[in-house]
């Protein structure tokens with residue numbers, strides 16, 4: 001890696017446990033050539049402010065209200081663009097990884113200048129794979145996954161979902177896919193300067209789909225299986241009614257923006273993605 005800082009990072013907080021955040025902050029602090037770690041706190045109180053004492057590179061911002069995931073990350077992303085910081089990684093507070101992961105991603109991004117954003121291999125704590133590479137969703141994809149995956153329809157929905165999550169690839173190699181998860185995204189900031197940041201109309205959910213879709217139109221948006229992270233994926237919208245409401249509202253906003261039944265770009269991107277991956281033996 002270079003001799004000067006070229007990477008910023010950001011984590012959005014909301015009523016998190018101090019010790020769990022301290023752990024991920026410690027990991028990021030050991031990343032080589034980190035310039036700043038932005039902690040954007042959506043909590044009503046600033047009890048997590050003491051985290052900034054852990055490292056002089058931490059910039060803590062308390063917003064006094066929950067402005068949402070994407071809008072909070074945008075505060076840090078804008079600074080990276082303004083300060084001409086080459087890379088910016090956004091992180092969920094519920095992930096863990098070795099600092100060397102960032103070094104390997106950086107090396108890959110330096111060699112592949114046509115890649116705008118990268119997501120590593122993501123595992124559950126038990127080591128099983130999370131299928132977070134996806135095609136662009138149709139309304140049926142989201143509805144079926146949430147409400148129809150049981151009983152007599154379970155087999156049909158599972159088959160449909162398998163292609164939507166690109167499970168036929170076995171996730172064993174590099175893939176250029178149009179939708180990546182926001183739990184860990186390593187951005188080239190110049191590409192964000194071209195297409196824009198997270199759409200602030202999404203309070204929670206779908207903002208990562210929307211942004212990677214926009215990036216995919218001009219650049220490669222890559223899944224990188226050579227490194228891995230662990231993610232406490234809770235599927236909150238399956239367990240919490242308020243989260244389900246947020247997910248539903250975001251889905252409506254997404255399809256209002258891009259199209260419900262008639263989305264020619266979605267059809268072409270999905271077709272080309274599947275054809276390319278099957279043709280290359282993924």
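Summary table below
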| item | result |
| --- | --- |
| Count of residues meeting criterion [within 20 Å of residue 70 (Cβ to Cβ) and over 18 Å from the mean Cα position of the chain (by Cα)] in the range 9-20 | 2 |
| Test: residue in the range 51-69 that is in contact (Cβ under 8 Å) with a residue 60 or more places away in the chain and under 29 Å from residue 228 (Cβ atoms) | yes |
| Hey, residue 190 in contact with a helix residue (DSSP H, G or I) (Cβ under 6 Å, 6 or more places away or on another chain) and in a helix (DSSP H, G or I) or not | no |
| Qualifying residue in the range 220-238 (condition: in a helix (DSSP H, G or I), surrounded by fewer than 21 Cβ atoms within 10 Å (Cβ to Cβ), out of contact with any strand residue (DSSP E or B) (no Cβ under 9 Å at 6 or more places or on another chain) and free of Cβ contacts under 8 Å to residues at least 40 places away in the same chain) | yes |
| Tally of residues being crowded, with 16+ Cβ neighbours inside 10 Å and touching a strand residue (DSSP E or B) at 6+ places or on another chain (Cβ under 8 Å) across the range 124-140 | 7 |
| Residue count, the range 161-194 (criterion: under 24 Å from residue 111 (Cα atoms), out of contact with any strand residue (DSSP E or B) (no Cβ under 8 Å at 6 or more places or on another chain) and touching a residue at least 60 places away in the same chain (Cβ under 8 Å)) | 2 |
| Unmet requirement for residue 19, which otherwise passes all of (1) more than 25 Å from residue 188 (Cα to Cα); (2) surrounded by fewer than 16 Cβ atoms within 10 Å (Cβ to Cβ); (3) modelled with pLDDT of 95 or more; (4) out of contact with any strand residue (DSSP E or B) (no Cβ under 8 Å at 6 or more places or on another chain) | (3) |
| Single residue of 38, 60 found to be crowded, with 20+ Cβ neighbours inside 10 Å and farther than 24 Å from residue 174 by Cα | 38 |
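Residue-wise test of (1) part of a helix (DSSP H, G or I); (2) more than 15 Å from residue 192 (Cβ to Cβ).
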residue: 25; (1), (2): yes, yes
residue: 40; (1), (2): no, yes
residue: 43; (1), (2): no, yes
residue: 50; (1), (2): yes, yes
residue: 53; (1), (2): yes, yes
residue: 75; (1), (2): yes, no
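The values are calculated or read from the model by the stated rules, or taken from the named source; none is laboratory data. It should be emphasised that the depicted structure is a prediction, and the values quoted were computed from it without experimental measurement. All Cβ positions, even for glycine, are placed from backbone atoms using ideal geometry, and neighbour counts span all protein chains on display.
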